[in-house]
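The next block holds one structure in the form of structure tokens; read it before the comments.
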Amino acid sequence: MKDVLYVPGGFDVLHSDHKKYIKKCFNAVSKQFKIDKVIIGLISDNDLQVKGKERPIFSYEWRKEDLIDWAKNNFKDVEFEVEKLNTSCFKKFPQNDKILKRIITISSEHKNSLPIKELCDWHPKVFFINPTGKKHTSDIPDRIEKMKKLSGCFIRKVSAIVVRSGDIVKITKNGTSKKCLENNCDKYKDLIAKYKRTGKKMPSDVPCDFPHAEIRALGYSKNGDDMVIASSPCMQCAEGIVSKKIRRVVYFEEYHDFTPIVFLKKHGVACRKAGVNK
């Protein structure tokens, strides 16, 4: 017979306040029960999309991997497991389960919300604990978009975020040189003149003479960090990402050339487009 603590959540991306919250849940319940096992009910990629088309930022497998890696150093004397959670997740535990003596669920949701209300009706041992702090990585899409709009580049606006162990280290943008900000880019002026003569639309894949958002972000990175970018990188940035040993790359839009992504994967960098990748 085992007493099990069940903590549901998305943990996209798993940051320091998430970790404090899980520990807070465990410590609170441990005062009344001897917990033998902790189960994280991890929200699926599809179910996370209700929070925005860019969600998840990290895939289910990435989020699961991060939770398990973190738990190895924080739950050494307790069995720890991560399983996929969906809208009917709580029904998978039958009331006459012979293995689980008691399922104690932690939630930050209000008692009258669903599916928590349904859970309370089925199982009375539910604890409600408020999350720790106000840090969120779920607003990464908004932060990427806001910084992107602040770019001084008149050809192509890009922003990038360095993420370390789930926490945001630095947000950068391109178009920060004096010429960019003064709309005095020689390449931009030449392009304007050229495409004004031809009547064609100016492309967005023109090579830039100044540091890209990714290159600037790499100046704040360390071995094993993650990077979130407004669009997939060019080859120059991809080479920099490999050189700085970035672990994972997430992008929101695809650059016209997909070769750099192939290059990153070939060199062991995990890559994905934000949202549910079919």
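Neighbours of Glu214 by Cβ distance under 11 Å: Lys/Arg scored +1, Asp/Glu scored -1, total +2. What does the charge count around Lys24 come to, taking other residues whose C-beta lies under 12 Å from its C-beta (Lys +1, Arg +1, Asp -1, Glu -1)? It works out to a net charge of +3. Electrostatic bookkeeping for Lys51 treats Lys and Arg as +1 and Asp and Glu as -1; over the other residues with beta carbon under 11 Å from its beta carbon, the sum is -2. Amide H to amide H distances under 5 Å link Gly10 with Ile43, where only residues 5 or more positions off or on other chains count and H is placed in the peptide plane. In the structure shown, the pairs Lys72/Lys146; Lys64/Lys266; Lys76/Lys222; Lys72/Lys222; Lys20/Lys149; Lys64/Lys149 are assessed against 31 Å; a Cα-Cα span above that value is assigned to Lys72/Lys146; Lys20/Lys149; Lys64/Lys149.
Every number here is computed from the coordinates shown, using simple stated rules; none is lab data. A quick note: this is a predicted structure, and the numbers were derived from the prediction, not measured. For neighbour counting, all protein chains shown are included, and Cβ atoms are generated from backbone atoms with ideal geometry for every residue, glycine included.
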